[in-house]
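Heads up, the thing below is written out as structure tokens.
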Amino acid sequence: MHQKRRDRLETALGDLEAEFRTRLIEALRRCERGAWGLFGQNDHIDPGRMRDEAYASSGAQKLDELGSEITQIREELGMTEPYSLHAQFLEKRSLKGQNALGEARLASAWLQELNV
């Protein structure tokens, strides 16, 4: 890979990772205030249109899209480790069941972990 291309990719990666973090914090704050859909814990209630709207309006859809872009660039740069915030987001979205924290409490706990 040419150095100029590598430099452009590294700059783009830094920008995308910063945008991901900013959008994640905004989404976590909305979720903490009661907006559901970020973690998909209520998807079983209405697996149709309402779920899709909550997925989009919660910010989860945009975070997934950014995460995919970040993963693609990281792979292109030869980075084997996933972007930690995206990996954590995917992990937390997979937490389901009656023993899992509710979305608002999960968001609040994650905000505390992020020290924001």
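Only residues that are more than 19 Å from E103 (Cα to Cα) and of a type in the set (K, R): list them for the range 49-70, please.
R49
Mind listing whichever residues of the range 70-95 are part of a loop (DSSP other than H, G, I, E, B), modelled with pLDDT of 95 or more and among the β-branched types (V, I, T)?
Scanning the range 70-95 gives no hits.
Residue check: is E69 of a type in the set (D, E, K, R) and more than 14 Å from F20 (Cα to Cα)?
Answer is no for this residue.
Which one is nearest to A27 (Cα to Cα), of the residues in the range 61-91 that are under 11 Å from the mean Cα position of the chain (by Cα) and of a type in the set (D, E, K, R)?
Looking at the filtered set, the residue picked out is K62.
Tell me which of these Q112 doesn't satisfy, since it passes every other one: (1) surrounded by 13 or more Cβ atoms within 10 Å (Cβ to Cβ); (2) closer than 14 Å to I25 by Cα; (3) not hydrophobic (A, V, I, L, M, F, W, C).
Only one criterion is unmet by Q112, namely (1).
Scan the range 99-113 for residues that are of a type in the set (D, E, K, R) and more than 15 Å from R33 (Cβ to Cβ) and jot them down.
Matches in the range 99-113: E113 only.
From the list M1, M50, M79, which residue is among the hydrophobic types (A, V, I, L, M, F, W, C), loosely packed, with under 13 Cβ neighbours inside 10 Å and more than 26 Å from N115 (Cα to Cα)?
Being among the hydrophobic types (A, V, I, L, M, F, W, C), loosely packed, with under 13 Cβ neighbours inside 10 Å and more than 26 Å from N115 (Cα to Cα) holds for just one of M1, M50, M79, which is M1.
Within the range 75-102, can you find the residues that are without any contact (Cβ under 8 Å) to a residue 24 or more places away in the chain and out of contact with any helix residue (DSSP H, G or I) (no Cβ under 9 Å at 6 or more places or on another chain)?
Scanning the range 75-102 gives E75, G78, S84, E91, S94, G97, Q98, N99.
Could you list, in sequence order, all residues of the range 101-116 that are of a type outside the set (S, T, Y) and part of a helix (DSSP H, G or I)?
The answer is E103, A104, R105, L106, A107, A109, W110, L111, Q112, E113.
Okay, residues lined up against (1) modelled with pLDDT of 95 or more; (2) in a loop (DSSP other than H, G, I, E, B); (3) hydrophobic (A, V, I, L, M, F, W, C):
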{"residue": "G14", "(1), (2), (3)": "yes, no, no"}
{"residue": "F20", "(1), (2), (3)": "yes, no, yes"}
{"residue": "R29", "(1), (2), (3)": "yes, no, no"}
{"residue": "D43", "(1), (2), (3)": "no, yes, no"}
{"residue": "D64", "(1), (2), (3)": "yes, no, no"}
{"residue": "S68", "(1), (2), (3)": "yes, no, no"}
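Would you say Q98 is assigned to a helix (DSSP H, G or I) and either at pLDDT below 95 or farther than 30 Å from R6 by Cα (or both)?
So Q98 does not fit the description; no.
The values are calculated or read from the model by the stated rules, or taken from the named source; none is laboratory data. Since the structure is predicted, the reported quantities are computational estimates derived from the model, not experimental observations. Every residue, glycine as well, gets a Cβ built from its backbone with ideal geometry; the counts of neighbours run over all protein chains shown.
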